[in-house]
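Accompanying notes for the structure given below.
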Amino acid sequence: MAETISLPESIEQFSVFYPFQFDPFQLEAMLAFLEGQSVMVAAPTGTGKTVVAEFGVYETFRRGARVMYTTPIKALSNQKFRDLRAIYGDNVGLLTGDVTENPRAPILVMTTEVLRNMLLQTPWELDSVECVIFDEIHYLADPDRGTTWEESIILCPQHIQLICLSATVSNAQEIADWISRTHRPIKLIVHTERAVPLALWYFYDKKLRLVIDHHGRQVADYSNVGGEIRAMLVRGGLTAERRREAEEAEPPPWEIVQALAAEDMLPAIYFLFNRRDCEDYATRLAMMRVNLVRDRATRQRIAQVIDSFLAGLRPEDRELSQVQTIVQLASKGIGFHHAGLLPVLKQLVEVLFSQGLMKVVFATDTLALGVNMPARTVVIGRMTKWDGRRRRLLTPNEFQQMAGRAGRRGMDERGNVVVPYSPWISFKEVLAVATGALEPVRSAFTIRYNTVLNLWDPPRGDRVRQLFQKSLAQYQAAQRVRLLEEEILEIGHEIEAIPRGCLIGLDGDELLYDYRNVVAQLNQAKSQERHLEQDLAELQADLDDRPWAVPSRPVLRRLVREMAPGTPLHTRERGWVLFLNRLPYGGIALVLTREGSAELLTEYRQIDYVPHDVEPVAIPETLARLPEPVSDVRGIVSEDAFATIWRQVDQLGLPDLDAMLTEYRRQVEARMAPERRRLEERLAAVRQAVHDLTQQRFRHPCHACHRRKEHQRNLQRIARLEQERAELEAQLGREIAAEERRVRELLRGIRNVLEYFGYLHRGYPTNKADTLADVFDTNGLIICEMLDRDFFKGLDPADVAEVFSWFAFDRETRFANHFTLPTKLVLLRRRLESLEQEVFEIERRNGLALSTGHHEGFYGAMRAWCNGATMAEITQLIELSEGDLVLTFNKTLDLMRQVREMLEKLYPDHPLRWTIASAEALARRDIIEQSLMIGLLPPVGS
């Protein structure tokens with residue numbers, strides 16, 4: 001029987017909200033919070049770490065203090081607002097930028113951006129706050145949102161307790177250490193066990209095949225399956241027919257869904273990484289008439305939920321293509337979910353799925369980032385994704401984030417993850433990703449102009465520098481410095497552990513150093529001996545030189561090839577000889593010597609002179625045709641004939657080269673005699689030194705020592721370690737200097753840009769500075785410059801909304817756009833492009849790339865909407881989904897709100913303030929207004 005643990009009263013009271021007992025890790029976190037500690041919980045998706053955050057809300061509210069619950073995206077804030085309002089009623093407020101509901105409530109749900117803005121502009125609003133909850137804190141690594149999280153944690157007052165919730169990450173301790181150093185000590189609680197165990201399945205050859213069971217054991221291996229197309233591309237030989245055959249073997253989604261239905265593994269989320277794929281797969285599945293909704297009662301419930309949602313839409317909005325598609329699919333138990341879906345349709349899909357009325361949802365991986373839609377099974381439809389630069393394999397973190405949606409606590413005994421066979425990705429790669437080690441969270445911190453201006457204290461901006469130095473990016477960079485310092489200390493300990501001194505008890509290390517000195521001197525003397533011997537050999541070689549130009553090998557090859565018998569040649573060994581012929585089987589030439597032999601010259605270097613303009617002497621035919629060398633040709637020709645040949649040679653008047661060479665050598669020998677004597681004397685002295693040192697080494701006590709080599713190895717190891725330590729110390733110095741230089745140059749670059757555009761002057765904020773400080777957008781600098789340069793002058797409200805919308809569309813995608821702009825807006829875009837080029841150039845000169853500029857392809861839609869066009873009319877002219885347009889219009893409203901509120905505070909009489917207010921009124925209608933209010937009300941039909 002389990003031991004009963006007495007829990008504090010607040011935990012006992014809180015537990016009545018939950019139908020299950022709390023896990024030990026949840027209780028540990030709650031108790032730590034009650035003790036006044038900050039808490040970070042790192043656990044897999046679906047294990048109930050949110051319970052800890054909800055306890056933080058409960059306990060802080062019970063104390064009569066305020067609590068803030070932050071999430072990375074508005075959809076999560078809306079969902080958490082609805083959940084908490086169902087318990088605490090009007091004590092819950094919501095702040096998401098677009099929506100402000102009950103902002104003075106003791107329990108405030110908000111996006112992290114809102115909290116960051118509050119900390120920068122109105123930090124006193126947190127004086128009464130005792131707890132801040134950061135949900136999904138691993139967003140620190142997100143390129144777009146990570147900076148916001150870091151700034152919020154750094155700027156958060158230290159009297160506030162933090163509750164940080166994170167997915168399982170490999171460097172949770174590092175993040176906790178950073179928070180402890182930056183804010184206040186935080187207790188890390190890591191829980192790795194899932195509440196519902198997962199199994200991994202491989203769908204191959206029309207069957208679900210278990211790979212890893214629910215106990216984590218691998219039970220099957222398909223190492224030779226998958227990736228055939230890529231393998232053929234590498235090897236070559238991929239024909240169109242083979243490619244078609246391989247692609248046809250890839251299982252269609254309807255086949256996988258049918259298999260899941262047969263094994264009672266629905267409902268399922270089918271993850272893909274392309275919005276169009278989500279819609280196409282869902283539509284194809286519906287066309288296959290897969291019977292997912294089998295009873296009339298379920299169909300009626302689906303119809304009721306759909307009707308209740310449609311009742312809130314205007315008649316023309318019900319006719320939107322996206323609405324019609326979702327309604328048709330939902331009636332068959334099928335749906336899709338992605339960022340381009342209308343908010344009301346996202347909510348419809350979420351409600352139907354959570355109530356078990358939708359059996360399969362095709363979704364992009366954005367669904368895995370927090371929306372509470374657990375399923376019995378998750379299908380990872382693609383193992384690769386486009387990350388904006390290249391198509392790559394999923395990381396283990398991305399795989400686990402999606403897989404974590406499988407298995408519903410309290411409903412499923414087991415969860416399932418299915419990966420379909422792919423001719424592009426091998427089973428080995430699938431298994432490596434599914435079981436691979438999680439990658440660490442790396443800081444995505446970057447500075448922004450409005451943050452700098454909000455924190456700037458003239459003239460040097462020391463608070464901004466402190467923000468840099470407290471960032472996770474700086475902490476992780478400093479971590480490398482700390483690792484270097486630890487390595488240096490470890491090497492020091494290693495050096496101390498090596499035995500010092502003589503190992504047989506003689507005079508320390510000095511004897512060995514002396515012995516090594518003798519050996520080094522001996523080696524040096526032997527080296528000198530070799531060099532002196534080489535110098536003498538080179539002097540001797542000079543005596544072998546000729547006082548005339550010796551023909552080169554290519555010249556000799558040409559001369560010999562064309563040479564006639566009887567031509568005189570001079571050789572190094574035989575003096576003057578006569579060319580006879582070239583033998584067919586090798587050698588250079590067969591020549592006749594004065595001694596009477598016919599010899600074969602084997603190398604061109606044997607010939608050192610060929611006379612010019614000398615006629616060949618007559619040679620008997622028998623000699624000219626000799627087939628091989630002969631020791632004495634006088635057995636072939638007579639003595640008289642032989643003598644006649646050489647008399648002819650003597651009559652040619654050939655130079656006496658042997659006499660010239662003898663005289664030349666005499667002169668060289670006389671010139672070199674002093675140098676030769678010097679070298680010989682030095683060589684004799686060095687040889688004596690070699691002899692003496694050899695004897696000295698032999699007599700040395702270390703020479704015969706049986707532990708000398710061990711002693712030498714110790715000294716060598718110490719020397720090597722000391723060298724390593726010196727190199728690490730040098731590297732440490734470079735790292736510290738480089739990091740200080742990076743921060744200094746970054747700060748200088750931002751200051752230079754702000755000074756160039758007039759927001760700072762000699763380190764002091766100007767009147768313009770407050771405008772940019774209140775605009776929290778990537779392109780805030782460009783927008784404030786547009787305001788300063790009267791870009792908006794003379795524009796009506798619809799045109800003002802249109803201009804702001806150019807900065808609100810942020811998808812990197814191409815699409816057709818048939819809208820046309822009036823001349824005044826075309827001219828304004830040209831002015832804007834010129835301004836953006838100026839901003840980009842000044843940033844580039846200062847090593848920055850903070851501004852992105854407007855989207856060139858998005859225009860016309862917001863103006864049409866403000867002028868009364870319906871969503872259907874707009875989607876006929878621009879190739880974007882209704883959901884994309886709603887997102888963009890909402891972001892436009894948020895941007896206009898920021899500028900309007902800034903003008904209200906700084907320039908209350910500015911005419912643009914009233915124009916923006918009118919533009920907001922035009923934009924906030926119908927489906928846009930409804931999308932903004934979705935977070936305030938419980939889902940229809942829930």
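Points to keep in mind about this one:
- Selection from the stretch 13-72 of residues that are among the hydroxyl-bearing types (Ser, Thr, Tyr) and open to solvent by 10 Å² or more (accessible area, probe 1.4 Å): Ser15, Tyr18, Thr45, Thr50, Tyr58
- Leading residue by the ranking (most open to solvent (accessible area, probe 1.4 Å)) among those in the stretch 73-86 that are within 22 Å of Asp894 (Cα to Cα) and small (Gly, Ala, Ser): Ala75
- Beta carbons closer than 6 Å, at least 6 apart along the sequence or on distinct chains, pair a first residue in the stretch 407-427 that is acidic (Asp, Glu) with a second that is open to solvent by less than 20 Å² (accessible area, probe 1.4 Å) and assigned to a loop (DSSP other than H, G, I, E, B) for Asp412/Val196.
- Screening the stretch 210-292 for helices (runs of 4 or more DSSP H) wholly inside it with 1 or more residues that are buried (at least 17 other Cβ atoms within 10 Å of the Cβ) and at pLDDT below 85 returns the ranges 228-235, 240-248.
- Boolean, Ser166 is of a type in the set (S, T, N, Q), farther than 30 Å from Gly407 by Cα, touching a residue at least 24 places away in the same chain (Cβ under 8 Å) and touching a strand residue (DSSP E or B) at 6+ places or on another chain (Cβ under 8 Å): no
- Subset of the stretch 675-702 [open to solvent by less than 70 Å² (accessible area, probe 1.4 Å) and modelled with pLDDT of 85 or more]: Ala684, Ala685
- Pair list, Cβ < 9 Å and 6+ apart or interchain, from the stretch 170-185 residues that are assigned to a helix (DSSP H, G or I) to residues that are hydroxyl-bearing (Ser, Thr, Tyr) and modelled with pLDDT of 90 or more: Ile179/Ser38; Ser180/Ser38
- Of the residues making up the stretch 629-641, one or more are touching a strand residue (DSSP E or B) at 6+ places or on another chain (Cβ under 6 Å) and in a loop (DSSP other than H, G, I, E, B).
- Residue in the stretch 643-659 that is surrounded by 12 or more Cβ atoms within 10 Å (Cβ to Cβ) and among the charged types (D, E, K, R) present: no
- With a requirement of 3 or more residues that are modelled with pLDDT of 85 or more, the strands (runs of 3 or more DSSP E) lying completely within the stretch 310-424 that satisfy it span 334-337, 360-363, 377-380, 415-420.
- For the stretch 449-486, a tally of residues being in contact with a strand residue (DSSP E or B) (Cβ under 8 Å, 6 or more places away or on another chain) and not in a helix (DSSP H, G or I) returns 3.
- For the stretch 129-160, the set of residues classified as open to solvent by less than 10 Å² (accessible area, probe 1.4 Å) and either assigned to a loop (DSSP other than H, G, I, E, B) or touching a strand residue (DSSP E or B) at 6+ places or on another chain (Cβ under 6 Å) (or both) consists of Val129, Cys131, Val132, Ile133, Phe134, Ile137, Cys156, Ile160, listed by residue number.
- Within the stretch 33-83, the residues that satisfy the criterion of being in a strand (DSSP E or B) and not aliphatic (A, V, I, L, M) are Ser38, Arg66, Tyr69, Thr70, Thr71.
- Among helices (runs of 4 or more DSSP H) entirely within the stretch 747-827, having at least 2 residues that are open to solvent by less than 70 Å² (accessible area, probe 1.4 Å) and modelled with pLDDT of 95 or more singles out 780-788, 797-805.
- Residues that are farther than 17 Å from Leu559 by Cβ, open to solvent by 70 Å² or more (accessible area, probe 1.4 Å) and of a type outside the set (A, V, I, L, M) within the stretch 603-638 comprise Glu621, Thr622, Arg625, Pro627, Glu628, Ser631, Arg634, Gly635, listed in sequence order.
- Tally, over the stretch 524-560, of residues that are at pLDDT below 80, of a type outside the set (D, E, K, R) and open to solvent by 80 Å² or more (accessible area, probe 1.4 Å): 1
- The set of residues in the stretch 293-309 that are open to solvent by 70 Å² or more (accessible area, probe 1.4 Å), more than 17 Å from Gln322 (Cα to Cα) and assigned to a helix (DSSP H, G or I) comprises Arg296, Arg299, Gln300, Arg301, Gln304.
The values are calculated or read from the model by the stated rules, or taken from the named source; none is laboratory data. Nothing here was measured: the structure is a model prediction, and the numbers come from that model. When we count neighbours, we look across all protein chains shown, and the Cβ atoms used for this are built from the backbone with ideal geometry, even at glycine. Just the protein is used for accessible areas: all its heavy atoms, side chains included, with ligands, DNA and RNA removed. Shrake-Rupley method; radii C 1.70, N 1.55, O 1.52, S 1.80 Å.
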